[in-house]
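Throughout, read-outs are computed from the coordinates displayed, never taken from laboratory work. Computed from a predicted model, the values in this text were never measured in an experiment. Reconstructed Cβ throughout: ideal geometry from the backbone, glycine too, with neighbour counts over all protein chains shown.
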Amino acid sequence: MLRISAIASVIGRGQRTFAFLLDLLYPPRCGGCGKYGEGWWCTACNNRTQWLNARDSRVSLELPSGQSLTVISAANFGPPLREGIHCFKYEGQPQLAEAFAAHMSAIAKANALSADGIVPVPLHATRLKERGFNQSLLLARHISAALGRPVEARALQRIRPTQQQAHLSATARKENMRGAFAALPERVQGRALMLVDDVLTTGATLVECAHVLYEAGAQHVVALTLARA
Ligand SMILES: [Zn+2]
């Protein structure tokens, strides 16, 4: 027993030393303002972000079936969070997921949101290969730990690549998303699910995801995003 705990402590120390050396070589830089020395998301950027309170965090979207989808967002999409999200997704700073997800978990709790499983909005394999990670899955993992609910990464799959939505109109976004997702009924049937995405813009993506989940037999669907544009 003594030997095992001694080995474990050496490994633990080694990991801490490694993390320390890594920080020295590549010091974390704030994803919002670019400042060094205060981790991946600094206090000033956190304070400048327009975090939403429970009452203002909810919007309701209409699904093709006429049902409504409640979407809870942690913040308004604006500087410095906008820069932070850009860094997170496009400049290879997946470490930002932890700080961002903490706010998402807090707003989910403030809204008394509960679900049997957490479903990250999936990326198509091509996009996943380009980016190296799915930002929604990273957020979902931290939220899962905070809320004590499992991540259901296989519940929803992106079966068709889609164009980047940023330059499309609301109608074009809806068209772009149609038929892009498929749900796995055995992971979905009779369950209350929480969709997780980074930004709510027109809602075309979340509406399509929720629609597909209900079609596959989900009992209830809500959505949680970091920001709302
Ligand atoms: Zn900052």
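Miscellaneous remarks
- Restricting segment 164-197 to residues that are of a type in the set (D, E, K, R) and touching a helix residue (DSSP H, G or I) at 6+ places or on another chain (Cβ under 6 Å) leaves a set whose member that is nearest to residue 113 (Cα to Cα) is 197.
- Subset of segment 44-68 (residues that are within 16 Å of the ligand (Cβ to nearest atom), touching a helix residue (DSSP H, G or I) at 6+ places or on another chain (Cβ under 7 Å) and hydrophobic (A, V, I, L, M, F, W, C)): 45, 51
- Conditions (1) crowded, with 17+ Cβ neighbours inside 10 Å; (2) under 13 Å from residue 72 (Cα atoms); (3) not charged (D, E, K, R); number of the one not met by residue 218: (2)
- Residue match in segment 34-43 (condition: away from the ligand (no atom under 15 Å from the Cβ), part of a loop (DSSP other than H, G, I, E, B) and of a type in the set (Asp, Glu)): no
- So residue 99, is it surrounded by 17 or more Cβ atoms within 10 Å (Cβ to Cβ) and either closer than 19 Å to residue 209 by Cβ or away from the ligand (no atom under 13 Å from the Cβ) (or both): no
- Some residue of segment 157-172 being of a type in the set (A, V, I, L, M), surrounded by 13 or more Cβ atoms within 10 Å (Cβ to Cβ) and under 29 Å from residue 102 (Cα atoms): no
- Qualifying residue in segment 72-91 (condition: away from the ligand (no atom under 16 Å from the Cβ) and part of a helix (DSSP H, G or I)): yes
- Residue match in segment 203-211 (condition: free of Cβ contacts under 8 Å to residues at least 60 places away in the same chain and not in a strand (DSSP E or B)): yes
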